[in-house]
Amino acid sequence: MPVNKSIVSTVKKSLLKFDFTRLEERCQNEAQTRIALIEPLLEIIGYSRSDDKDMLTEISAGWGKKNDKADIGLKADSKTTEIIIECKVLGKKLTDKEASQLNSYFINTKNAKFGILTNGLEWKFYSINDATKDSKLYSIPFLTLDFSEITDELIEEFSKFHKSAQYLKELYEEVQEIYFLQGFADAFATELSDPSEDFIKAVFNRMYGKKLTESTKVRIKNLINSNAIQNALPKVIEEESKNGSTVITTAEELKIYHSIKTLLLHSIKKLDASRINYRDQKNSFNILVDDNNKKIICKIVSNKGKYFVELNSDKIEFKGLESIVPLKKEIINIATALLGL
C-alpha cells in the first residue's frame, strides 16, 4: 500500500531527531515507558496526548474486575477507538501471555480494529479476526517493528498508522487479505501433509473404486506426498491455462521488468525503488507506479514466444536492455510524470 511521501518524510525527520538515549534510566516501569517513550512515538504519527479526541489512556475495555483498563486507545477518526495499545516496561519480553492480555481487551471493544503490544522499542501489530463471532485478534502479529534501529522500511511501515493519512480502512482490508491467504496456505499444507478422511474420500470418489475400505484409505493417504504433488502440478497448470483461469509470470517478463526498473533507477534521481511495481494480467504484464493499474509506465506482451515492450503507440521486440534504448527517453518522461517528480 503506497504511503504519502510527505508524511513519510515528516515522520523520518522526527524519528531521526528522537532522543533514544538513557532509556533504561528513564523507563524503569510501565508508566515511565509509556510516558517517556511510547506516547512520544505516537505523537510522531499524529496522535496528540494533550487531546482526548486523539489519544486516551486507561480506557475501559471490560477485562476482568481488577485490570479492566487498556493502557492507550487511539482515535483516528476522533469518534471511535480504532487502535488499542498494551504497554509493557522497556526490556520486557513480549510473549503470548502479553498478547493474550491485549486480546482480552477486544472482547468488549466493538469498534477497535488493531491492537499493538509494545515495550517501547519493540512494537507488535495485530488485527481483529473477522472470522470469529466475538472480537478477538489473530494470534500472530502482521507486523513487528524494532525501534532499536531506524530504517527506511520501519519509517514507511510506521507511517501507515499516521492519524492524518486515513489509511486505516485500506490497511485493515490489506491485512485481512494477508491473514486469509496465510490461513489458506497453512490449512492447505496441513491437509496435504496429514490428509483428513474427507480429503481421502474426495480423492477416492474421483478414482474408479466403488467401496472405500480401510486398507484403501491407508494406501491413498500414503500416496499423498511431495512426489505426488510435484507430479500433479504440471497437469494442474496445464488445465488452468486451458481454462484461462491462471496467469503465469515468466522469467523473461521478470527480466524485462528488472531491466526497465534498473534503467529508471539510474536515470531518475532520488527515485524510491519500491514505487516501481508490476502486475501480471491475462493479456499483458504491466509495469506500474505505486502498484496502481491507472499509472502504467509500459506493458509487456508476448506472441509466439517473442516479447514486446508496448509504450503508447510504440512497440518494440525485447532482445536485451539495448533494444529499449530508442524508448528510453519516453519511458523516463512517462514514469517521471506518473511519479509526480
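The values are calculated or read from the model by the stated rules, or taken from the named source; none is laboratory data. Note that the coordinates shown come from a computational prediction; the quantities given were computed from them, not determined experimentally. Virtual Cβ from ideal backbone geometry, glycine too; neighbours counted across all protein chains shown.
Evaluation of Glu24 against the conditions (1) in a loop (DSSP other than H, G, I, E, B); (2) at pLDDT 80 or above; (3) over 22 Å from Leu171 (Cβ atoms) shows that the sole unmet condition is (1).
Results for (1) of a type outside the set (D, E, K, R); (2) within 30 Å of Asp19 (Cβ to Cβ), shown as yes or no for each residue.
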position	(1), (2)
Ile107	yes, no
Asp152	no, yes
Gln176	yes, no
Asp186	no, no
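Evaluation of Ser9 against the conditions (1) closer than 23 Å to Ile83 by Cα; (2) of a type outside the set (A, V, I, L, M, F, W, C); (3) surrounded by fewer than 16 Cβ atoms within 10 Å (Cβ to Cβ) shows that the sole unmet condition is (1).
Remark: pairs (first residue in segment 269-291, farther than 15 Å from Leu339 by Cβ and in the same structural domain as His258 (by TED's automatic domain parsing); second residue basic (Lys, Arg) and outside any loop (DSSP other than H, G, I, E, B); Cβ separation under 7 Å; 6+ apart in sequence or on different chains) = Ser284/Lys299; Phe285/Lys299; Asn286/Arg279; Asn286/Lys299. Could you check segment 5-21 and list, in sequence order, the residues that are among the polar types (S, T, N, Q), in a helix (DSSP H, G or I) and without any contact (Cβ under 8 Å) to a residue 12 or more places away in the chain? Those that are among the polar types (S, T, N, Q), in a helix (DSSP H, G or I) and without any contact (Cβ under 8 Å) to a residue 12 or more places away in the chain: Ser6, Ser9, Thr10. The test for being modelled with pLDDT under 90, among the β-branched types (Val, Ile, Thr) and outside the structural domain of Leu74 (by TED's automatic domain parsing) holds for Ile178. I'd like the full set of residues that are part of a helix (DSSP H, G or I) and surrounded by 14 or more Cβ atoms within 10 Å (Cβ to Cβ), limited to segment 90-99. Correct list: Glu98, Ala99. Residues that are exposed (fewer than 15 other Cβ atoms within 10 Å of the Cβ), modelled with pLDDT of 85 or more and either under 30 Å from Thr151 (Cα atoms) or under 22 Å from the mean Cα position of the chain (by Cα) (or both) occur at least once in segment 275-292. Scanning segment 181-221 for residues that are surrounded by 12 or more Cβ atoms within 10 Å (Cβ to Cβ), assigned to a helix (DSSP H, G or I) and modelled with pLDDT under 90 turns up Gln182, Gly183. Only one of the numbered conditions (1) part of a helix (DSSP H, G or I); (2) under 24 Å from the mean Cα position of the chain (by Cα) is not met by Leu271, and that is (1). Please tell me if Tyr47 is modelled with pLDDT of 90 or more, touching a strand residue (DSSP E or B) at 6+ places or on another chain (Cβ under 9 Å) and part of a loop (DSSP other than H, G, I, E, B). Yes: the conditions hold for Tyr47.
Just one of the listed residues (Ser127, Ser148, Ser104) is part of a loop (DSSP other than H, G, I, E, B), farther than 16 Å from Thr57 by Cα and of a type in the set (Gly, Ala, Ser), and it is Ser148.
Restricting segment 130-165 to residues that are over 17 Å from Gly46 (Cα atoms) and either at pLDDT below 85 or outside the structural domain of Ile44 (by TED's automatic domain parsing) (or both) leaves a set whose member that is surrounded by the fewest Cβ atoms within 10 Å (Cβ to Cβ) is Lys133.
Only one of the numbered conditions (1) surrounded by 13 or more Cβ atoms within 10 Å (Cβ to Cβ); (2) touching a Phe, Trp or Tyr at 6+ places or on another chain (Cβ under 9 Å); (3) modelled with pLDDT under 85 is violated by Ser323, and that is (2). Residue count for segment 104-126 satisfying the condition of being polar (S, T, N, Q), surrounded by 22 or more Cβ atoms within 10 Å (Cβ to Cβ) and closer than 18 Å to Val175 by Cα: 0. Pairs needed: first member in segment 84-108, assigned by TED's automatic domain parsing to the domain that holds Thr118; second member anywhere, of a type in the set (Asp, Glu) and surrounded by 20 or more Cβ atoms within 10 Å (Cβ to Cβ); C-beta distance under 8 Å; at least 6 residues apart or different chains. Here the result reads Ile85/Asp71; Glu86/Asp71; Cys87/Asp71; Glu98/Glu86; Gln101/Glu86; Leu102/Glu86; Tyr105/Glu86, each pair linking segment 84-108 to a residue that is of a type in the set (Asp, Glu) and surrounded by 20 or more Cβ atoms within 10 Å (Cβ to Cβ). Against the criterion of being part of a strand (DSSP E or B) and touching a helix residue (DSSP H, G or I) at 6+ places or on another chain (Cβ under 7 Å), Ile331 does not qualify.
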